[in-house]
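The structure appears below as structure tokens.
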Amino acid sequence: MKDMQTTYDPRDFEDKIYEKWVKEGCFKAKIDPDKVPFTVMMPPPNITGQLHIGHAMDETMQDIVVRFKRMQGYSVLWQPGVDHASLATEHKIVEKLREEGTTKEALGREEFLRRAWEWKAQYGGKIVEQLKKLGSSCDWDRLAFTMDERCSRAVREAFFRLYETGLIYRGSRIINWCPDCKTALSDEEVVYSEDAGHFWYFDYPVEGSGERITIATTRPETMLGDTAVAVNPKDKRYARFVGKTLLLPLTDRKIPVVADDYVDPEFGTGAVKITPAHDPNDFEVGLRHKLPVIRVMNDDGTINELGGAFAGLDRYEARKRVVESMKELGLLVKIEAHSHNVGHCHRCNATLEPIVSKQWFVRMAPLAKPAIEAVAKSKTKFTPDRFAKIYFNWLENIRDWCISRQLWWGHRIPVWYCGGCGAEICAREEPSVCPKCGSADLTQDEDCLDTWFSSALWPFSTLGWPEDTPEFKYFYPTDVLVTGYDIIPFWVMRMMFSGLRYTGKVPFRDVLIHGLVRDEQGRKMSKSLGNGIDPLKLIEKYGADSLRLALVTGVAPGNDMRMSETKIESSRNFVNKIWNASRFVLMNTKGTDVPPSLASVRLQPADRWIISRLMATVREVTLSLKKYDLGIAADKIVEFAWNDFCDWYIELSKPALYGDDPERKRQTLGVLLFVLENTLKLLHPFAPFVTEEIYGYLPHSSGSIMTADFPRYNSRLSYREEAKAFEGVIGFIKAVRAIKVSVNCPPSKKVHLFLVTDQKRLITVNKNAILRLAGASEIDFIERGSAAGEKTVSQVTDIAQIFIPLGELVDLEAERVRLTKELERVEGEIERAGCKLANQNFIAKAPKKLVDDERAKLEKFLDMKKKIQQQLSAL
RNA sequence: GGGGGCAUAGCUCAGUUGGUUAGAGCGCACGCUUCACAUGCGUGAGGUCACAGGUUCGAGUCCUGUUGUCCCCACCA
């Protein structure tokens, strides 16, 4: 076999390995009755989308969970797919058409849709290719699209069922209208921002008297649609006006003054113009007082013919002209600066108009209730669980969902209108004649459904629902949904009530919520700021493994994270470390017939220590992954691999590897390989490429690491007592190093160690490692410190009192200061432990183990104190 | 107005059900051309865990309040 490259360069193998996985069908989901299924639905990225860093994090988290479960022996389905993103896609195509100098209306529906599909074919696959670069192990053969036949059928079925049971209705309501996209939006699609505006104070004359009522408005142009002025019934200032008639300026209409609790007497002038067609609150007031609804605006934001002289003007031009006209009439009282929250289109950012419009709605109350219960009863659990509160908050305050969009790209509403009898027909498949009158004159509703209507069905539409397919039976309900907290109202919630409504089951058992990836300064990434981090560039520069590790380390679940290149550099350094450690082990393996398992190895103390640490790590990592604490799991692996394995065990193994006992070398290599292989397996879900690449070089490995068993905790390999004893050796070595540094003794200078100890055996067994790692030439056991002679530096450790004669390097005074400091520290500990143990409540109420530990600690420190005092007096 | 997050080392953040002497990465200081790795190794400095109470034998962790900060929702025309 070829040797590993001396330098780690992910570009050498990442693409190659991904191809291999795909070719060997490693990602394929299989219905296997002997295995437990584990299903994850990928949140389908928009076909318009480019892979951004947020996707990268979301995908990485899913891939980690999925790879872990696969290695644990589950039959895993990670279902990929893309979303047609009705509005987003249509918006982009319309823009493109605009550049070409045409419009969708000019093209016509059919031609427009042909273009859209063409566009989808051209760009829709791009994001899929980008996902592959990250190492996503989803079953690409099952790639779904929210507008493919399967999903479309599910959409029609869902619509039909809701329609049939009266949960879908059509009605004229106030909705959020985007005059640029020319469509209705749901409440969730509105982005509010605090915009600087004005308050215009207008006088409305009272009919038959010289009096006037002053109202204040932020949208003067809507006065053309005013049908009343409202005051608070308790407001004495206006009591005499209630029931009177006002002459609405700029029009020839007369409008009443009504009394309504909605009006806040403290705000503005206490008198409010009521425009039921253009304001949600006014609409409600209008209903209460049976006011006419006069809509004065067209779909494109211009004033319509009901606006009289202002007809045809754009809303902002109309605003200007209305104010001017009022001023000319002497009815403009004053203008104040006023900033207020204004709704914007989440897609094009245009200022939205609340407008009365005939749309399709889903009645939410009956759907929200079971969705709330399911989470309240923990049928679905949020991680972290605080997001359940946010979920409840949304569902408890939810209003009916406006699902119709005046768009062409999307699922067309499955409702037909009969030209013969006027019937409204909802059907799963297009009817040929009217079932009521038999007329063939049927016209389908022009509108499309909100994209999220189809996304809401994703966990089961992709599995073939409404058919009871084998996939649906085996893989549904899914296990975990991974997504950002910003998507809870759009998607998580809607999948929940849809799943419960149509399948009778929750769509997923766990929801793993993550935060946003922010830039180095903690700002949200946005196009306008230009602070976006391109994950593909990072993969090109550092490799996918490094990016993945950087995305999940040091983040608590649900919290936002800051991404920076330094962070990825650290991950890259770690991956590089793994690369080199593996290279070291494999280099030494050459020409040696390494034992295939630990069974035949006579384990040394250091071996048992590293195996013990490995087992502890296996246990912690497995538990953390189970709880979706990906960051903690990654930390534990890194800590083990870098500190325990590389910094300690590999160094400890060197005397055996470079020594003259071939059998000892062979056995040590057995341990090195065992630990390395398990480390790679633990790391594989996080860093799939490099672990697979290295795995291929291991002498006893076969197949892909992807299909290897995830390491299992084995209590027989935990060696707790021995490992603990060996920690003493490590502490001892560190102490010698520290002594040398403290007296500026060059590390290369070998020192002679004189030890007072009752652990001669432990030290003798590990003598070679100690000499090498501590930089010592000789070890002598002595009975008393004074035997080490003059000019000696000393230190107390858990396993020995160390004396090092360092001749002229020793500054007696500095040594005295150092030991005195050490003595103070130990005395502090004695004080602390003593106080604790003097507390009768502690002795009585704390667990026995803690009390015993504290006693042992006190003993230890008392002993140390005695020894340090001896050393001080010997100076 | 309602809800939520965050406040721990110079910076960015971890800290599992309360329990060793509170950790990591980066940065900093000093020292290392040690035969896997300078993308490295060794040693170290640096924290009254925002503040004030409370519960407890014991609080960074739980409770109450305060301050600062960020986010989501609602919203006064």
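General remarks:
- Whole-Å distance, taken between Cα centres, linking the stretch A:210-250 and the stretch A:612-640: 68 Å
- Cα gyration tensor shape of the stretch A:1-65, rounded if a/c is under 1.5, else prolate or oblate by comparing a/b with b/c: oblate
- The heavy atoms of residue A:7 offer some 90 square angstrom of accessible surface to a 1.4 angstrom probe.
- Remark: for residue pairs A:537/A:590; A:69/A:537; A:567/A:724; A:791/A:867; A:28/A:132, the C-alpha separation exceeds 26 Å in A:537/A:590; A:69/A:537; A:567/A:724.
- Evaluated at q = 0.11 Å⁻¹: base-10 log I(q)/I(0), Debye formula over Cα of chain A: -1.28
- Reachable aspartates and glutamates, given that their alpha-carbon falls under 19 Å from the alpha-carbon of residue A:254 and they are not under 8 places away in the same chain: A:203, A:207, A:211, A:221, A:226, A:282, A:305
- Each other residue within a Cβ distance under 9 Å of residue A:174 adds +1 if Lys or Arg and -1 if Asp or Glu, for a net charge of -2.
- Listed residue pairs exceeding 27 Å between alpha carbons, taken from A:524/A:626; A:2/A:665; A:527/A:636: A:524/A:626; A:527/A:636
- Rounded to 10°, Cα long-axis angle of helix A:86-99 versus longest principal axis of chain A: 70 degrees
- Residue A:336-residue A:520 FRET efficiency (beta carbon distance; Förster radius 51 Å; 0.05 resolution): 0.80
- Net charge of the neighbourhood of residue A:36, taken over other residues with C-beta under 13 Å away and scored Lys/Arg +1, Asp/Glu -1, is +2.
- The stretch A:403-461: GluC sites (Glu not before Pro) in DSSP loop, at most 16 other beta carbons within 10 Å: A:429, A:446
- Sequence-distant lysines (8 or more away, or on other chains) whose Cα lies within less than 17 Å of residue A:120: A:92, A:96, A:104
- Loop-located GluC sites (Glu not before Pro) across the stretch A:467-548 with a Cβ neighbour count of 11 or fewer within 10 Å are lacking, with loop assigned by DSSP.
- When the charge dipole of chain A is built from unit charges on Cβ atoms (+1 for Lys and Arg, -1 for Asp and Glu) and taken about the Cα centre, the candidate among A:591, A:326, A:764 whose Cα reaches farthest toward its positive end is A:764.
- Given +1 at the Cβ of Lys and Arg, -1 at the Cβ of Asp and Glu and no other charges, the dipole of the stretch A:1-82 around its Cα centre is 300 debye to the nearest 20.
- Residue A:91 sits with roughly 50 Å² accessible to a 1.4 Å probe, with DNA, RNA and ligands left out of the calculation.
- Crossing angle, helix A:386-396 versus chain A [Cα axis fit, 0-90 degrees, rounded to tens]: 10 degrees
- Computed over protein heavy atoms with a 1.4 angstrom probe, the accessible surface ordering of A:245, A:566, A:451, largest first, is A:566, A:245, A:451.
- Farthest toward the positive end of the dipole of chain A, out of A:38, A:517, A:735, is the Cα of A:735, where the dipole comes from beta carbon charges about the Cα centre.
- Degrees separating the helix A:53-71 axis from the principal Cα axis of chain A, which is the longest one: 60 degrees
- Normalising the average separation of contacting C-alpha pairs (under 8 angstrom, six or more residues apart) by the number of residues puts the relative contact order of the stretch A:357-479 at 21 percent.
- Beta bridges assigned by DSSP with both partners in chain A are antiparallel in approximately 70 percent of cases.
- When you filter the GluC sites (Glu not before Pro) in the stretch A:740-843 for DSSP loop state and at most 16 other Cβ atoms inside 10 Å of their Cβ, you are left with A:783, A:790.
- Debye, to nearest 20: dipole size of the stretch A:317-410, +1 on Lys, Arg Cβ, -1 on Asp, Glu Cβ: 360 debye
- Cross-linked pairs A:133/A:627; A:740/A:860; A:30/A:379; A:654/A:760; A:740/A:849: Cα-Cα separations exceed 32 Å for A:740/A:849.
- Charging the Cβ of each Asp and Glu at -1 and of each Lys and Arg at +1, and nothing else, the dipole of the stretch A:762-834 about its Cα centre rounds to 240 debye.
- On the basis of the beta-carbon distance and an R0 of 25 Å, residue A:284 and residue A:428 show a calculated FRET efficiency of 0.10.
- Taking all protein chains together, A:375, A:191 sort by accessible area into A:191, A:375, largest first [probe 1.4 Å].
- The stretch A:496-569 and the stretch A:790-811 have Cα centres lying 52 Å from one another.
- Between the stretch A:49-112 and the stretch A:656-719, the C-alpha centres lie 39 angstrom from each other.
- Put A:689, A:160 in order of accessible area, highest first, and with a 1.4 Å probe you get A:160, A:689.
- For residue A:377, the lysines whose Cα falls under 16 Å of its own Cα, not counting residues fewer than eight places away in the same chain, are A:369, A:389, A:505.
The values are calculated or read from the model by the stated rules, or taken from the named source; none is laboratory data. Note that the structure is a prediction, hence the values are computed from the model and not measured. FYI the Cβ positions are ideal-geometry reconstructions off the backbone, even for glycines, and counts take in every protein chain you see. Only protein heavy atoms, including side chains, enter the accessible area calculation; ligands, DNA and RNA are left aside. Shrake-Rupley method; radii C 1.70, N 1.55, O 1.52, S 1.80 Å.
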